[in-house]
1. Quick test for you: out of 82, 71, pick the one residue that is over 22 Å from the mean Cα position of the chain (by Cα), outside any helix (DSSP H, G or I) and within 12 Å of the ligand (Cβ to nearest atom).
2. Would you be able to tell me the number of residues in the range 170-202 that are more than 24 Å from the chain's Cα centre (by Cα) and either assigned to a helix (DSSP H, G or I) or in contact (Cβ under 8 Å) with a residue 40 or more places away in the chain (or both)?
3. Does residue 37 fit the bill of being over 22 Å from residue 322 (Cβ atoms), assigned by TED's automatic domain parsing to the domain that holds residue 300 and within 16 Å of the ligand (Cβ to nearest atom)?
4. Look at residue 248 and say whether it is more than 12 Å from the ligand (Cβ to nearest atom) and either surrounded by fewer than 20 Cβ atoms within 10 Å (Cβ to Cβ) or assigned to a loop (DSSP other than H, G, I, E, B) (or both).
5. Restricting to the range 99-120, and then to whatever is part of a loop (DSSP other than H, G, I, E, B) and more than 13 Å from the ligand (Cβ to nearest atom), can you tell me which residue is nearest to residue 36 (Cα to Cα)?
6. Within the range 152-176, which residues are surrounded by 14 or more Cβ atoms within 10 Å (Cβ to Cβ) and in contact with a strand residue (DSSP E or B) (Cβ under 6 Å, 6 or more places away or on another chain)?
7. Within the range 301-326, restricting attention to residues that are free of Cβ contacts under 8 Å to residues at least 40 places away in the same chain and in contact with a strand residue (DSSP E or B) (Cβ under 9 Å, 6 or more places away or on another chain), which residue is surrounded by the most Cβ atoms within 10 Å (Cβ to Cβ)?
8. Do you know which residues across the range 1-44 are in a helix (DSSP H, G or I) and under 20 Å from the mean Cα position of the chain (by Cα)?
Ligand code: NAD
């Protein structure tokens with residue numbers, strides 16, 4: 001069965017890192033007889049330049065047909081002067097909401113060789129392997145009413161609304177339980193149920209779901225405590241599930257524990273498991289076009305694509321093992337080279353070559 005993968009290289013270092021991930025996908029695709037077909041379209045600044053919109057109709061049509069999408073990054077100084085509604089980043093929000101990508105998986109895995117690059121002591125993070133499941137299309141970022149208004153007394157007031165209905169909580173909860181089933185069997189739901197009604201309902205729904213997943217141990221934690229525990233003893237967590245705002249903040253904390261932003265993949269999924277996969281980093285205009293960007297976050301995003309959208313777990317494992325082996329051999333791009341001289345670091349395409357060789 002042919003699987004269609006849409007590549008959206010985007011701006012800055014996006015095309016450089018996506019190219020390396022494509023090479024890796026081609027290689028494992030062949031080895032595992034996955035019959036992958038690649039298409040490419042414009043998103044972000046490059047789409048504005050070529051087609052006059054950050055998320056053009058042609059891209060939208062291809063995205064709707066794809067089995068999975070691999071994105072580089074969008075944005076850059078060239079488009080910073082555009083009005084907010086016309087900027088490249090709007091293309092990203094548009095595709096997420098167009099495809100109803102409500103579930104964001106952000107793993108924070110520390111490769112042992114990179115322990116020295118973490119902001120925490122090595123013994124606290126060695127072996128770290130957390131998955132944060134963040135609700136991505138609801139909660140306070142989308143709730144109505146919202147806005148800034150001026151009262152009769154002339155005093156301005158800002159309002160946002162945190163709301164989740166049961167259906168929204170159930171669908172993200174179910175994916176988080178299923179993810180925990182495939183990993184260590186522990187799910188921690190993070191809320192603020194001592195204060196916020198919206199998260200009292202969140203907790204209730206998570207509890208009700210747990211009857212369907214007897215093999216997963218569900219626990220609950222208030223978000224303030226979760227933030228503290230992530231920097232105190234991060235290895236206590238397996239899978240964390242939480243709403244949009246808390247997930248945004250906690251996933252950035254967890255990301256920092258792993259050392260470099262150039263290592264972190266992510267997946268955004270909808271109900272039919274079609275997904276958008278992208279590195280957590282941006283378009284890094286400061287290093288674009290120099291063949292120095294770390295492609296591993298995008299290569300690891302390609303592994304997530306295989307696992308979650310194409311259900312090719314063996315191929316995904318193979319990529320992750322290849323990345324681990326490359327790091328174990330001491331190969332580094334400049335962002336992760338803590339103790340190496342810059343002369344001995346690899347460029348973007350050379351790191352791609354090394355992963356291909358390790359495959
Ligand atoms: P950034 O992630 O692009 O860069 C932050 C720093 O990390 C830079 O010094 C950069 O050189 C470095 N870096 C990032 N990725 C790297 C990699 N793979 N290898 C080595 N070093 C890497 O964030 P920023 O500078 O705040 O944003 C730059 C542009 O990217 C902006 O236009 C922003 O809007 C956009 N952005 C896009 C996304 C996305 O497409 N998902 C996410 C964040 C930022």
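The values are calculated or read from the model by the stated rules, or taken from the named source; none is laboratory data. What you see is a predicted model, and the numbers here were worked out from it, not measured in a lab. Cβ coordinates were reconstructed from backbone atoms using ideal geometry, including for glycine residues, and neighbour counts include every protein chain displayed.
1. Testing whether each residue is over 22 Å from the mean Cα position of the chain (by Cα), outside any helix (DSSP H, G or I) and within 12 Å of the ligand (Cβ to nearest atom) leaves just 82.
2. The total comes to 4.
3. Spelling it out, it is not the case that residue 37 is over 22 Å from residue 322 (Cβ atoms), assigned by TED's automatic domain parsing to the domain that holds residue 300 and within 16 Å of the ligand (Cβ to nearest atom).
4. Details: more than 12 Å from the ligand (Cβ to nearest atom): yes; either surrounded by fewer than 20 Cβ atoms within 10 Å (Cβ to Cβ) or assigned to a loop (DSSP other than H, G, I, E, B) (or both): yes.
So residue 248 passes the test.
5. Out of the qualifying residues, it is 99.
6. 172, 175, 176
7. Among residues in the range 301-326 that are free of Cβ contacts under 8 Å to residues at least 40 places away in the same chain and in contact with a strand residue (DSSP E or B) (Cβ under 9 Å, 6 or more places away or on another chain), the one surrounded by the most Cβ atoms within 10 Å (Cβ to Cβ) is 303.
8. Within the range 1-44, 14, 15, 16, 17, 18, 19, 20, 21, 22, 24, 25 meet the criteria.
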